[in-house]
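Remarks on the structure that follows.
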Amino acid sequence: MRFPTLRRARFPLVLLALLAVVLVGLPPASAQLDQIAGPHSPAAKDQVQIYRDEPGTIAGRTEFPDKKLAVFVQPEGREWRTFRVVALRIIAGVLIVGTALALLAFYAWRGTIRIGHGRAGTTVPRFNGFERGVHWMTSASFILMALTGLVVTFGRPLLIPLLGHEAFTGLAQASKFGHNFFSVPFTLGVVVILLMWIRDNVPEKADITWIKEGGGFLMGGGVHPEAGRFNAGQKMIFWSVVLFGLGLALSGFFLMAPFFVTGIHGMQIGHVVHAVLAGILIAIIIGHIYIGTIGMEGAFDAMGSGKVDENWAREHHSRWYENVRRTGDPRGFPAE
């Protein structure tokens, strides 16, 4: 007599029997753990090390090639964020707004510094086309980077209430790409300016007299201290642009290539250096723009047409003017 039900159940019973044989043959769970992880592996869950002890971080373990993904908490990140959203805004605000207000007060008191003897109507060459081109390339690049950097720094508290989140997002993204793009002509311009004008900006004894007399800005009548092609004030602008500009370029390129040269700590330090240098240089350039436009009559002509009024040259750069007359060289180098 056959039993169809048992015949249909025979295959599952065979599988269960094979599974029982395999389970009986396996070593205990503790032995399996020792085989997989080694004799020093934890025996209980409370012995599992979740965090790795590293100075300044709380990190776990990861099998990903990028070990930075194991960092859970980096306490210095809180300090950096506090600087980013509090201290930096105060520093930049005081430097930039404070400089603008100080110049506004000075202009209200002194007004435009006029050519003491009036315009002569004749001009002398001061800067050639190449020099002016490098100056304007560097200036335009810096202004665009300053504006885009300020959008990133002050955009959230100042622009989101005015533009809304969606519009600010587009502006911030464009500012980021523009900031990185214009860093290339700016850096190139700073290097060329250094090579082009370093001979004219070597400090000299006459600079001390110029500084003591405030460049003649505090008095009228066209009385200004003796100066060569660049006076002490212009030399300070030159070295500020060169040193701070190269510092901005170096720290900025580190930020553009994250973790290529340094780790997270270095990135945070680089950002702090970049931001503080930018605030200082923006304030200095505001003063430079003021003197070159409304602050001094005839000053803009130097970078506008490349020629300056003869009386302006005689009053502000007397030694350079005499050398130009003697040699015909716009650089004003003494005849050899």
What's the number of the condition MET219 fails, among (1) touching a residue at least 40 places away in the same chain (Cβ under 8 Å); (2) assigned to a loop (DSSP other than H, G, I, E, B)?
(1)
Residue by residue through the stretch 206-219, note down the ones that are surrounded by fewer than 18 Cβ atoms within 10 Å (Cβ to Cβ) and either at pLDDT 85 or above or over 15 Å from TRP312 (Cβ atoms) (or both).
ALA206, ILE208, THR209, ILE211, LYS212, GLU213, GLY214, LEU218, MET219
Criterion violated by PHE300 - all others in (1) touching a Ser or Thr at 6+ places or on another chain (Cβ under 7 Å); (2) more than 23 Å from VAL94 (Cβ to Cβ); (3) in contact (Cβ under 8 Å) with a residue 40 or more places away in the chain satisfied
(3)
Given (1) over 24 Å from LYS205 (Cβ atoms); (2) of a type outside the set (Ser, Thr, Tyr); (3) more than 31 Å from the chain's Cα centre (by Cα), PRO258 misses just (3)
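Kindly evaluate THR187 against the criterion of being among the β-branched types (Val, Ile, Thr) and in contact (Cβ under 8 Å) with a residue 60 or more places away in the chain.
Values: among the β-branched types (Val, Ile, Thr): yes; in contact (Cβ under 8 Å) with a residue 60 or more places away in the chain: yes.
Answer is yes for this residue.
What do you reckon, is GLY228 assigned to a helix (DSSP H, G or I), farther than 19 Å from GLY178 by Cα and in the same structural domain as ILE291 (by TED's automatic domain parsing)? Even if it seems obvious, please write down each step before you answer.
Details: assigned to a helix (DSSP H, G or I): no; farther than 19 Å from GLY178 by Cα: yes; in the same structural domain as ILE291 (by TED's automatic domain parsing): yes.
No; evaluated as a whole, the condition is false for this residue.
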Taking LEU281 as meeting all but one of (1) out of contact with any strand residue (DSSP E or B) (no Cβ under 6 Å at 6 or more places or on another chain); (2) within 17 Å of GLY233 (Cα to Cα); (3) hydrophobic (A, V, I, L, M, F, W, C); (4) surrounded by fewer than 19 Cβ atoms within 10 Å (Cβ to Cβ), write down the number of the exception.
(4)
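The values are calculated or read from the model by the stated rules, or taken from the named source; none is laboratory data. This structure is a prediction, so every number in the text was calculated from the model and none was measured. Glycine gets a Cβ as well: all are built from the backbone with ideal geometry, and neighbour counts include every protein chain shown.
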